[in-house]
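Presented below is the structure to which this report refers.
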Amino acid sequence: EARIAVVILDLDMPDIAGVVCFRELLKIDAGINVIIATGYADRRMRDELIEMGVRDFIDKPFDFPELTKKIRGLLEKK
């Protein structure tokens, strides 16, 4: 069975809020690995998202070595 390994999700998207999209992803796969890309999430918002199941965050602007490290970290936990 094919499975999505990691989703990088922005909180600020044009057609659907990132949090709404994340909730929909959880309905499909409750254990999905999601990294939130954001430039403005405060500590309270991050804590709430972690409680919901977000695995990690990456602050924008980010570079690809940093993103690669975060993805690798999630995949190695499996």
Conditions (1) surrounded by fewer than 11 Cβ atoms within 10 Å (Cβ to Cβ); (2) modelled with pLDDT of 95 or more: number failed by residue 71:
(1)
Does region 33-51 contain any residue that is open to solvent by 30 Å² or more (accessible area, probe 1.4 Å), under 12 Å from the mean Cα position of the chain (by Cα) and free of Cβ contacts under 8 Å to residues at least 60 places away in the same chain?
yes
Looking at 28, 16, which one is open to solvent by 80 Å² or more (accessible area, probe 1.4 Å), among the hydrophobic types (A, V, I, L, M, F, W, C) and more than 11 Å from the chain's Cα centre (by Cα)?
28
Test: residue 56 is under 10 Å from the mean Cα position of the chain (by Cα), of a type in the set (Asp, Glu) and open to solvent by 40 Å² or more (accessible area, probe 1.4 Å)
yes
Take the residues in region 1-11 that are open to solvent by less than 70 Å² (accessible area, probe 1.4 Å) and assigned to a loop (DSSP other than H, G, I, E, B); name whichever of them is farthest from residue 68 (Cα to Cα).
11
Look through 61, 14, 65 and report the one residue that is in a loop (DSSP other than H, G, I, E, B), modelled with pLDDT of 90 or more, out of contact with any strand residue (DSSP E or B) (no Cβ under 9 Å at 6 or more places or on another chain) and not basic (Lys, Arg).
61
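The values are calculated or read from the model by the stated rules, or taken from the named source; none is laboratory data. Computed from a prediction, not measured in an experiment: that's the story for all the values here. So basically every Cβ, Gly included, is an ideal-geometry build from the backbone, and we count neighbours across all protein chains shown. Note: areas computed on protein heavy atoms with side chains; ligands, DNA, RNA excluded. Shrake-Rupley method; radii C 1.70, N 1.55, O 1.52, S 1.80 Å.
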